[in-house]
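First comes the structure, then the notes that go with it.
No lab work stands behind these numbers, since they all come straight from the coordinates. Just so it is clear, the model here is predicted, and its values are computed rather than measured. Cβ: placed from backbone, ideal geometry, glycine included. Neighbour counts: every protein chain shown.
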Amino acid sequence: MTTPRIVWLTAADPPDSFPPAGQALVEPNGLLAAGGDLSEARVLHAYRNGIFPWYDDGQPILWWSPDPRCVIRTERFHLPRRAARALRNSGFSIDFNQRFVDVMAACAELRPGQRGTWITTDMAFAFAGLHAEGWAHSIEVLHEGRLVGGMYGLAIGSAFFGESMFSRASNASKAAMLAACRILAAEGTGLLDCQVQSRHLSSLGAELLSRDDFLSELRERCDPPTRFNAWPGSETPVESFL
């Protein structure tokens, strides 16, 4: 019996050198390839084809495409009633793409029970470049001018690939997700990729798609690979999204 193997890439390999996502390992779920680099062309090709980088410092770049895939239909985003009541009285406001580096740094901070972060220096540098080129975006939750929560990800065509979120105040990450989903849905971007399921995401309306269905949808949504630029141009009270 043949032992499953992952494909090893080099930085010299073309950006489209990934094997088909369907060749990913079953255990660990979704591991597809290793190596390569985090160039803009390679990262964008990967996400358009259902693949994302996830690795720790000291490891080679590891590329994943898990099956099933956790997604949120932006028009079906569910905010629990208790969270909605709390947000009405939170004093939060939402801004967009003004503090991208700060949001990434906050997402990379160690949390209780964590031994390290997958948001490595190289990953932060790569996504800062993608932000400068208009592909990566941050949603920022502010309270009295202070950053208390947020999320960031990539927008390609009519799909948004969520990368990470953080919260320094109760319900702040929910506020970021709420604002993102409301704006994305209004502009026809109906799919928010959450990668891997969690209880928290399920409470917000996340569902599971088979890898095949996810890839089929990406082919429709990410071709052509256009940028998303419909974010509000000014800070907005969170109540506007409720």
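Net charge within 13 Å of residue 157 by Cβ-Cβ distance, Lys/Arg positive one each and Asp/Glu negative one each, not counting residue 157 itself?
-1
Assuming a ≥ b ≥ c are the square roots of the Cα gyration tensor eigenvalues, decide whether the stretch 1-139 counts as rounded (a/c under 1.5), prolate (otherwise, with a/b larger than b/c) or oblate.
It is prolate, given that a/c is not under 1.5 and a/b is the larger ratio.
In a Debye calculation with equal point scatterers on the alpha-carbon sites of the stretch 85-166 and no solvent, what is log10 I(q)/I(0) at q = 0.17 Å⁻¹?
Those come out to -0.71, one per q.
Please give me the summed charge of the neighbours of residue 223: other residues whose Cβ is under 12 Å from its Cβ, Lys and Arg +1, Asp and Glu -1.
Taking every other residue near residue 223 into account, the sum is +1.
Apply the Karplus curve 6.51 cos²θ - 1.76 cosθ + 1.60, θ = phi - 60°, to the phi angles in the stretch 45-50 and return the couplings in whole Hz, x for Gly and Pro.
Calculated HN-Hα couplings, in order: 4, 4, 5, 4, 10, x Hz.
FRET efficiency for residue 128 and residue 187, Cβ-Cβ distance as r, R0 = 22 Å, nearest 0.05?
0.35
For the stretch 186-242, what size does the Cα cloud have along each of its three principal axes, sorted from largest down, in whole Å?
38, 33, 14
So which residue, out of 42, 182, 199, gets the largest mean-square fluctuation from a GNM of the chain using Cα contacts under 10 Å as springs?
Highest fluctuation among the options: 199.
Label the stretch 70-241 by shape, choosing from rounded, prolate and oblate, from the square roots a ≥ b ≥ c of the eigenvalues of the Cα gyration tensor; if a/c is under 1.5 it is rounded, and otherwise prolate applies when a/b is larger than b/c, oblate when it is not.
The shape class here is rounded.
Taking K and R as +1 and D and E as -1, what net charge do the other residues with C-beta under 14 Å from the C-beta of residue 127 add up to?
For residues surrounding residue 127, the net value is -4.
Quick check: from the Cα gyration tensor, does the stretch 7-66 come out rounded (a/c under 1.5), prolate or oblate?
Note, shape of the stretch 7-66 comes out oblate.
Could you tell me which of 23, 214, 176 has its Cα farthest along the dipole of the chain towards the positive end, charges placed at Cβ (Lys, Arg +1; Asp, Glu -1), taken about the Cα centre?
Toward the positive end, the furthest listed residue is 176.
Using the crude model of +1 on Lys and Arg Cβ and -1 on Asp and Glu Cβ, and no other charge, please compute the dipole size for the stretch 70-241 relative to its Cα centre, in debye to 20.
740 debye
How long is the gain from residue 89 to residue 101 if the chain were fully straight, where each residue apart is worth 0.36 nm and the alpha carbon distance is subtracted?
Length gained between residue 89 and residue 101: 1.5 nm.
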